[in-house]
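*Asks:* Below is a structure I'd like to ask you about.
The values are calculated or read from the model by the stated rules, or taken from the named source; none is laboratory data. Everything quoted here is computed from the prediction, not taken from an experiment. All Cβ positions, glycine included, derive from the backbone under ideal geometry; neighbour counts span all protein chains shown.
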Amino acid sequence: MGKKKKNKKNRQSKPVEADDQRQAAAELSDLPVPVEEAEDQKAQAVSQSKSPEDSPPVGDTASRRDFLTLAGQAAVGVCACTALAGSLRLALPDFYDGPPEVFALGTPADFKTGTLTWLNENDLFVVRDNQGFGAFSSRCTHLGCTVRRTADGFFCPCHGAKYDSSGSVVLGPARRPLPWFHVWLEADGRIWVDTGRQVEPGPRPLSMVAEVTAEKNDS
């Protein structure tokens, strides 16, 4: 009889232990989850909820990278071409006087011996010395800027070209000398110039109109 009672007691204690385990599990589930662990769980849930369509395809990313690379190379190429064009424009002479013109400069009395007169409206220098008269362009042969008189000759303020007193190039970027033009004395007593006829640099005695006509007929 004593042995049977002991077994009955053991059978009654097993349900009690199961109840204790369920109660402990319930208490653990009620405990607050740490903040960091909660954030990790949330981020994981969001990443798992995203569909493959939300992520950019690998090919699209590569295409954008290639486009940006080509755009950068194109911009560099445009800048290089612009700089090259500017350099060539500075280096190469490309200015030439306009259509030939024939016009009066004035009378010999208007120009004193030993002087250099700038005729702004005609873009010409008129020089008179003991040898005679001469007229040459005041426009730089590089890009057409008006040159300035210096102690040694002429200077272009635009790009630094230099000429000696006769208009020959001393320093570039200009390559051609300042052109001299044929002058003569007309029957009206005035000095005339023909910008279509270039001559050797330097003043010379004035030719009379009859001599000029003869020279034209010979040529």
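*Asks:* How about region 143-168: which of its residues are touching a residue at least 24 places away in the same chain (Cβ under 8 Å) and over 22 Å from V199 (Cβ atoms)?
*Replies:* Of everything in region 143-168, those that are touching a residue at least 24 places away in the same chain (Cβ under 8 Å) and over 22 Å from V199 (Cβ atoms) turn out to be L143, H159.
*Asks:* While we're on this one: Out of everything in region 133-153 that is over 23 Å from P100 (Cα atoms) and of a type outside the set (S, T, Y), what residue ends up being nearest to the chain's Cα centre (by Cα)? Outline the logic, then answer.
*Replies:* From region 133-153, those over 23 Å from P100 (Cα atoms) are 148-153; that's our starting set.
Going one step further and asking which of them are of a type outside the set (S, T, Y), we end up with 148-149, 151-153.
Working: R148: 28, R149: 31, A151: 35, D152: 34, G153: 33 Å.
Looking at residues that are over 23 Å from P100 (Cα atoms) and of a type outside the set (S, T, Y), I get R148.
*Asks:* Related question: Which numbered condition trips up A80, out of (1) among the aliphatic types (A, V, I, L, M); (2) outside any strand (DSSP E or B); (3) at pLDDT 60 or above?
*Replies:* (3)
*Asks:* Of everything in region 156-182, what is within 13 Å of S137 (Cα to Cα), in a strand (DSSP E or B) and either at pLDDT below 95 or of a type in the set (A, V, I, L, M, F, W, C) (or both)? Give them in sequence order. Steps first, please.
*Replies:* Pass one, region 156-182, residues within 13 Å of S137 (Cα to Cα): 156, 163, 165-168, 176-182.
Narrowing the set further to residues that are in a strand (DSSP E or B) leaves 163, 180-182.
W180, F181 - these are the residues of region 156-182 that are within 13 Å of S137 (Cα to Cα), in a strand (DSSP E or B) and either at pLDDT below 95 or of a type in the set (A, V, I, L, M, F, W, C) (or both).
*Asks:* Which of the residues belonging to region 131-140 are in a loop (DSSP other than H, G, I, E, B) and either on the phi > 0 side of the Ramachandran plot or modelled with pLDDT of 95 or more (or both)? Talk me through it step by step, then tell me what you get.
*Replies:* Restricting attention to region 131-140, the residues satisfying the condition of being in a loop (DSSP other than H, G, I, E, B) are 131, 138, 140.
Within region 131-140, S138, C140 meet the criteria.
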